[in-house]
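Just below is one structure, and these are the notes that go with it.
The values are calculated or read from the model by the stated rules, or taken from the named source; none is laboratory data. Everything numeric here is computed off the predicted structure, so don't read it as measured data. Heads up, the Cβs are rebuilt from the backbone with ideal geometry, glycines too, and the neighbour counts pull from every protein chain shown. The protein model used for the area step is the full one, side chains on, heavy atoms only, and it has no ligands, DNA or RNA in it. Shrake-Rupley method; radii C 1.70, N 1.55, O 1.52, S 1.80 Å.
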Amino acid sequence: MIGRPAGAGDPAIIAAEHVVTPDGVLAPGWLRIADGRIEVVLPGEPPAPAGRRAHWALPGFIDMHVHGGGGASFTEGGPDDARRAAAFHRAHGTTRTLASLVTAPVDRLERRVAMLADLADEGVIDGIHLEGPFLSAVRCGAQDPRYLTAPDVTTFARLHAASRGWLRMITIAPELPGALEVIRAAAAAGVIAAAGHTDASDEVTAAAVDAGISHATHLFNGMRPIDHRAPGPAGALLDRQVTCEVIADGTHLHDAIIRLAARAAGPGNLVLITDAMAAAGRPDGSYRLGELDVTVSGGVARLAGGDARGRAAPAGASPIGAGSIAGSTASMELVVRRAITAVGLSVTDVADAASTTPARRLGLEHVTGSLRAGLAADIVLLDSDFRLSAVIARGEYRQPTT
């Protein structure tokens, strides 16, 4: 193991007051790592002194929706920038990452996807999420409306081919002409078709679920609001019990809404994400998301106003005005801690939402996502306040950062 903890104990043995497993919480419990995998998980005290002890041991976090962090981004810059973004989040507990791109010209997205596919081959990231360009102009949020395009199967095929199989998810507004065809094509290709940045009615959204939509991109955000007479996309997605992303950063959603969403979505259908951009882990100041200027104040990222060049948005599009939330500055460590301590979800439900359910959705449940013998040693250790004390990714210790 790289970066083994200091101490007299066996660095392959980890003990915790609470070990969260698929079959329940071992209190206390321990596990042993060998060759980058979990060799054994058992209740009680270990047979030899542990190299690391913690209050809680959880499976490593899996972020299905993240644009950057630590001052670097997946959406711009070169491969080293993407590596820095992934490393930042790994140091905060994210042991598997789906790199998310924002709307851009298709040619540029094609090149970006190809670059990220190379990094996925290296194991830097675990796949790619296209958040755009098939999104609603009236719900585009922090997506550049100049580059939104109608859903097109040929365009999807180009981007999918550029990914060399690493495209794992695409967000689509199901009300757009051509959307159902792209949804069907994505589902047939094994790509998660997600509804997001959409002004669809509940009826249109339900039809899209029948066509292959199986996931909600940041539920409630970038969607027509739910109404007691017009449930809209959020109502339909919760009613059909697809997997639903929520951003539990204290800014995007009220904590009560997250509790309601968790109950409505049903067991195994909540997914915690960061939707983080480059400013995650960095001081307040000026940043970029794609081509858009972002100002971070008090840890909240908002568009600085206008479009990237101060030009008007296309006809029918929402103006990109000052104050629109532009992703988050959160880490998975933060959203997990808030989901437990502020939202009030159980530790086991949060472990499912941060690890087990994302692993299942990405087809990685036989690789990672839970503390089970035979799976990769992707583990986070937390103190009694649910603050990170150690990260183990593929059996290698990573130094947490503050």
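Couple of notes before you dig in:
- A full extension of the chain between His55 and Ala230 corresponds to an added length of 58.5 nm, given 0.36 nm per residue minus the alpha carbon distance.
- Cβ-placed point charges (K, R +1; D, E -1), dipole of the chain about Cα centre in debye, nearest 20: 340 debye
- Evaluated at q = 0.21 Å⁻¹, a Debye calculation over the C-alpha positions of segment 1-145 (equal weights, vacuum) places log10 I(q)/I(0) at -1.18.
- Stokes-Einstein D for segment 108-184, Kirkwood Rh over Cα pairs, 25 °C, 0.890 mPa s (µm²/s): 191 µm²/s
- Principal-axis tilt of helix 153-163 within the chain, Cα atoms, nearest 10 degrees: 30 degrees
- The apolar share of the surface of the chain, taken as the fraction of accessible area on carbon and sulfur atoms (1.4 Å probe, ligands and nucleic acids excluded), comes to 51 percent.
- Listed residues Leu272, Leu101, Leu148, most fluctuating in the chain (Gaussian network, C-alpha, under 10 Å): Leu148
- Take the Cα of Ala189, go 7 Å toward its beta carbon, and the backbone nitrogen atoms of segment 131-148 under 17 Å from that spot belong to 131-135.
- Rough spin-label spacing in nm, given labels placed 7 Å along Cα→Cβ, for Arg164 and Glu110: 1.7 nm
- Gyration tensor verdict on segment 239-279 (Cα atoms; rounded if a/c is under 1.5, prolate if a/b is larger than b/c, oblate otherwise): oblate
- Each stretch of four or more DSSP H residues adds -39500 (n - 2.57); spread over every residue of the chain, this sum gives -7000 deg cm²/dmol at 222 nm.
- Per residue, the solvent-accessible area of segment 179-253 (1.4 Å probe, heavy atoms of protein chains only, all protein chains present) comes to 34 Å².
- Dividing the C-alpha radius of gyration of segment 103-231 by 2.2 N^0.38 Å, with N its residue count, gives 1.02.
- 5 angstrom amide H check on Tyr397, placed H, neighbours 5+ away: Ile2
- Between the listed residues Gly363, His18, Leu135, the Cα displaced farthest toward the positive end of the dipole of the chain, a dipole computed from Cβ unit charges relative to the Cα centre, is found at His18.
- Expressed per residue, the C-alpha convex hull volume of the chain stands at 123 Å³.
- Relative to its Kirkwood radius, the Cα radius of gyration of segment 188-288 gives an Rg/Rh of 1.01.
- If the segment from Glu203 to Asp35 were pulled out straight at 0.36 nm per residue, it would be longer than the present Cα-Cα gap by 55.5 nm.
- Residue-normalised accessible area of segment 1-91, given per residue in Å² at a 1.4 Å probe: 41 Å²
- Virtual spin-label span in nm between His366 and Ala150, 7 Å along Cα→Cβ: 4.2 nm
- Summarising the strand pairing of the chain, around 55 percent of its internal DSSP beta bridges are antiparallel.
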